[in-house]
1. Would you please state which residues of the stretch 19-35 a label at ASN59 would reach in this model, taking the label point 7 Å out along Cα→Cβ and a backbone N cut-off of under 20 Å?
2. Given the options GLY88, GLY108, GLY41, which has the most mean-square fluctuation in a GNM of the chain, springs set between C-alpha atoms less than 10 angstrom apart?
3. Rounded to the nearest 10 Å², what accessible area does HIS86 have for a 1.4 Å probe in the complete protein model?
4. Note down the relative contact order for the chain as a percent, whole number, built from C-alpha pairs under 8 angstrom at least six residues apart.
5. Going by accessible area, probe 1.4 Å, with all protein chains left in place, what is the ranking of TYR68, TYR179, largest first?
6. Taking springs between alpha-carbon atoms closer than 10 angstrom, which of ALA150, ALA22, ALA12 fluctuates most in the Gaussian network model of the chain?
7. Sorting HIS134, HIS120, HIS180 by accessible area (1.4 Å probe), largest first, what list results?
8. Amide H neighbours of GLY20 under 5 Å, at least 5 residues apart or on other chains, H built in the peptide plane: list them.
Amino acid sequence: AAAAPCHIPGTAYSASWISGVAPIPATDTLLITYTDVCVHGQTISTQAFGLVQYRPTTNALGPQTRPYTTPTGLPFQHNLGSPLIHDGHLHLYAHTCDHTAHGACTTGRVILARTPAHPHAWNNPATYRYWTPHGWTPDHTQARTILDGAAPIGIHVADYTATGHGYALIEQRTLGGDYHLWQAPA
């Protein structure tokens with residue numbers, strides 16, 4: 001089935017939303033992840049996941065790529081963000097709320113994807129792997145949650161190893177701002 005057009009004056013429009021930023025090691029460049037969405041009435045569908053490099057010293061963007069794109073809406077596993085570059089890999093996170101009640105997520109999933117930390121790899125969807133309890137898989141539908149008891153409406157992951165705090169994942173659980181803080185040393 002074809003998706004409804006996203007550019008309908010007064011009815012639907014497209015937008016790009018930043019989903020995270022990470023420094024690219026040994027460079028003066030930042031890697032920005034984003035999603036392209038279609039806002040159609042009360043519905044927002046994610047149509048693409050992209051990455052773009054940004055050099056603050058020259059205020060220059062580029063190159064830009066969209067490894068995942070579909071006008072009918074991406075599966076949540078391709079709606080990636082919170083980039084972290086570690087041990088030669090670009091790590092990315094996605095989340096979904098499976099059940100809600102009264103403005104709160106009651107059950108959900110947070111998944112982890114990775115690809116080699118090089119533009120040739122992160123431009124190519126065939127290089128992305130998804131975490132499972134049994135190892136990494138190229139099949140996004142086999143990705144499993146990295147958090148037991150996850151209930152995310154939103155997440156943000158950041159690297160605080162330079163300050164001795166490891167990695168932190170902030171999981172927003174309600175529309176009222178309730179959250180859980182998850183930490184890991186690596």
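1. Residues 28-32 fall inside that zone.
2. Largest GNM mean-square fluctuation: GLY41.
3. My reading of the accessible area for HIS86 is about 70 Å².
4. Values: 438 pairs, mean separation 24.6, N = 186.
Value for the chain: 13 percent.
5. Working: TYR68 20, TYR179 145 Å².
Putting TYR68, TYR179 in descending order of accessible area: TYR179, TYR68.
6. ALA12
7. Values: HIS134 180, HIS120 145, HIS180 80 Å².
Most to least solvent-accessible, the answer reads HIS134, HIS120, HIS180.
8. THR33, SER82
The values are calculated or read from the model by the stated rules, or taken from the named source; none is laboratory data. Bear in mind that the values here come from a model prediction, so they are computed numbers and not experimental data. Glycine gets a Cβ as well: all are built from the backbone with ideal geometry, and neighbour counts include every protein chain shown. Calculation scope for accessible area: heavy atoms of the full protein, side chains included, ligands and nucleic acids excluded. Shrake-Rupley method; radii C 1.70, N 1.55, O 1.52, S 1.80 Å.
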